[in-house]
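The next block holds one structure in the form of structure tokens; read it before the comments.
The values are calculated or read from the model by the stated rules, or taken from the named source; none is laboratory data. The shown structure was predicted, so the numbers you read here are calculated from the model rather than taken from an experiment. Positions of Cβ are backbone-derived with ideal geometry, glycine not excepted, and every protein chain shown enters the neighbour counts. Keep in mind that these areas ignore ligands, DNA and RNA; they rest on the heavy atoms of the full protein, side chains included. Shrake-Rupley method; radii C 1.70, N 1.55, O 1.52, S 1.80 Å.
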Amino acid sequence: MSEQSHVKITKEAMSKAYVPYSNYPVGVLIITDSGNQYMGCNVENASYPLGNCAEASAIASMVMGGESKINKIYVMTKNDEGGIPCGGCRQRIREFSDASTEVIMCSPDGIKNRIHLSDLLPQSFGPEHL
Ligand code: THU
């Protein structure tokens, strides 16, 4: 499947976001090492700190699917610069990443930037440190 199709699916994920408080929808699509796809969106709550980031919901879906290796993760917002994972989500992605894992930042009109997770979160803490 082409990256253009992946962007389209990420946009669909963003359209599902439940964001009555921030009005800042985020969509995520994870492509695993085995090529499977898992979507996520942010889900907010009237008790603000209980909201979930889109990355967290996509990762939960991936784990429910029995997988744990992220090859690529698309993150979309309506900004021109594309979606950029927050610090907490960089760590969440890190758990299921390796040196080749790519974060692909998108806006609704396409890919804006791509960067390895290891560059977004250098010298990071991970399972191998325990
Ligand atoms: N958000 C995400 O879903 N992912 C990120 O990496 C950054 C922030 C959400 C949380 C909240 O629903 C909204 O964006 C505004 O912070």
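Quick look at the numbers
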{"read-out": "Test: residue in the stretch 54-75 that is within 11 Å of the ligand (Cβ to nearest atom), assigned to a loop (DSSP other than H, G, I, E, B) and not acidic (Asp, Glu)", "value": "no"}
{"read-out": "Candidate set from the stretch 104-117 (those that are closer than 18 Å to GLU12 by Cα and touching a residue at least 12 places away in the same chain (Cβ under 8 Å)); member that is farthest from the ligand (Cβ to nearest atom)", "value": "GLY110"}
{"read-out": "Among the residues listed as GLY88, GLY40, GLY83, the single one being in a helix (DSSP H, G or I) and within 11 Å of the ligand (Cβ to nearest atom)", "value": "GLY88"}
{"read-out": "Filter result (assigned to a loop (DSSP other than H, G, I, E, B) and either more than 10 Å from the ligand (Cβ to nearest atom) or among the hydrophobic types (A, V, I, L, M, F, W, C) (or both)) within the stretch 43-53", "value": "ALA46, SER47, CYS53"}
{"read-out": "Residue, nearest to the ligand (Cβ to nearest atom), within the stretch 1-10, restricted to residues that are closer than 16 Å to GLU102 by Cα and open to solvent by less than 50 Å² (accessible area, probe 1.4 Å)", "value": "THR10"}
{"read-out": "Complete set of residues in the stretch 91-101 that are more than 14 Å from the ligand (Cβ to nearest atom) and surrounded by 17 or more Cβ atoms within 10 Å (Cβ to Cβ)", "value": "PHE96, SER97, THR101"}
{"read-out": "Failed item in (1) touching a residue at least 12 places away in the same chain (Cβ under 8 Å); (2) surrounded by fewer than 18 Cβ atoms within 10 Å (Cβ to Cβ), with PRO122 passing the rest", "value": "(1)"}
{"read-out": "Output for the stretch 11-33, where each listed residue is within 13 Å of the ligand (Cβ to nearest atom), open to solvent by 10 Å² or more (accessible area, probe 1.4 Å) and not in a helix (DSSP H, G or I)", "value": "LYS16, ALA17, TYR18, VAL19, PRO20, TYR21, SER22, ASN23, TYR24, PRO25, VAL26"}
{"read-out": "Matching residues, the stretch 62-82, being open to solvent by less than 60 Å² (accessible area, probe 1.4 Å) and more than 14 Å from the chain's Cα centre (by Cα)", "value": "GLY65, GLU67, ASN79"}
